[in-house]
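Read the structure below first, then the notes.
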Amino acid sequence: STVYGPAAIAWAASYQVGVEELLWRDVLYSKHKEQLCFIWRDAEGSIIGWQARSFGNRKATPKYITSGNLESTLPIYRGTNSHNLTLVEDCISAIKIARQSDAMPCLTSSLSTSKLKRLAGLYKTFTVWLDGNMYPNAQRMARELQLMGCEAKAVWTKEDPKCYNDTEITSVLLTGKL
């Protein structure tokens, strides 16, 4: 449903993402499983993939659960700059960055060559901004995109992208640094 639990609301708010933005981005909540569910739909509106962030008993349930054919799914959050695609690890980071640029969560710390090729057919400019400890993966993906004829840069920050405010995100997207 779209009635979010208090832990989910507090978690999203800790990254400056409010209920209105969750609703706008079609994020659902499972009260029974205590999970915030980021979903992706096909052109007909059917759910083709999702990732759930769990808030309940963490010993019994993994923090993140992902389902669907993720190799064929492109969970792109549309932003105001549709010429650049920013690749990040997680959904909240993608939602925040989509305020300024199209963004896509990798749902992991890398993408396959075939998925990068599909993206290179849609965009010509990329920013790869993974969590700080995954910078070597960001560099690898940026190099692969460059070899495919795209303009791509890997950026490094100490914190995850979701930890920064809109002004800081703008700086990183424009200059590659804070």
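The values are calculated or read from the model by the stated rules, or taken from the named source; none is laboratory data. A quick note: this is a predicted structure, and the numbers were derived from the prediction, not measured. Virtual Cβ from ideal backbone geometry, glycine too; neighbours counted across all protein chains shown. Protein only, heavy atoms only, side chains kept; ligands, DNA and RNA dropped before computing areas. Shrake-Rupley method; radii C 1.70, N 1.55, O 1.52, S 1.80 Å.
Of the residues making up region 46-101, those that are β-branched (Val, Ile, Thr), open to solvent by less than 20 Å² (accessible area, probe 1.4 Å) and more than 17 Å from THR170 (Cβ to Cβ) are THR73, ILE92. Considering only residues in region 114-151 that are open to solvent by 60 Å² or more (accessible area, probe 1.4 Å) and touching a strand residue (DSSP E or B) at 6+ places or on another chain (Cβ under 6 Å), the one that is farthest from HIS83 (Cα to Cα) turns out to be GLN139.
Might you check whether a residue that is more than 19 Å from ARG25 (Cβ to Cβ) and small (Gly, Ala, Ser) occurs anywhere in region 89-111? Yes: region 89-111 contains one or more residues that are more than 19 Å from ARG25 (Cβ to Cβ) and small (Gly, Ala, Ser).
The residue pairs whose first member lies in region 157-178 and is under 14 Å from ALA138 (Cα atoms), whose second member is among the basic types (Lys, Arg), and whose beta carbons are closer than 9 Å, counting only pairs six or more residues apart or on different chains, are THR157/LYS177; PRO161/LYS96; GLY176/LYS153.
Among the criteria (1) touching a strand residue (DSSP E or B) at 6+ places or on another chain (Cβ under 9 Å); (2) assigned to a loop (DSSP other than H, G, I, E, B); (3) closer than 26 Å to SER101 by Cβ, the one GLY45 does not fulfil is (1). Looking across region 152-164, the residues that are within 15 Å of ASN84 (Cβ to Cβ) and open to solvent by 20 Å² or more (accessible area, probe 1.4 Å) come down to LYS153, ALA154. Candidates in region 108-133 are the residues that are within 10 Å of VAL88 (Cβ to Cβ) and of a type outside the set (Ser, Thr, Tyr); of these, the one that is modelled with the lowest pLDDT is ASP131. Within region 14-42, the set of residues being aliphatic (A, V, I, L, M) and open to solvent by 60 Å² or more (accessible area, probe 1.4 Å) comprises just one member, LEU23.
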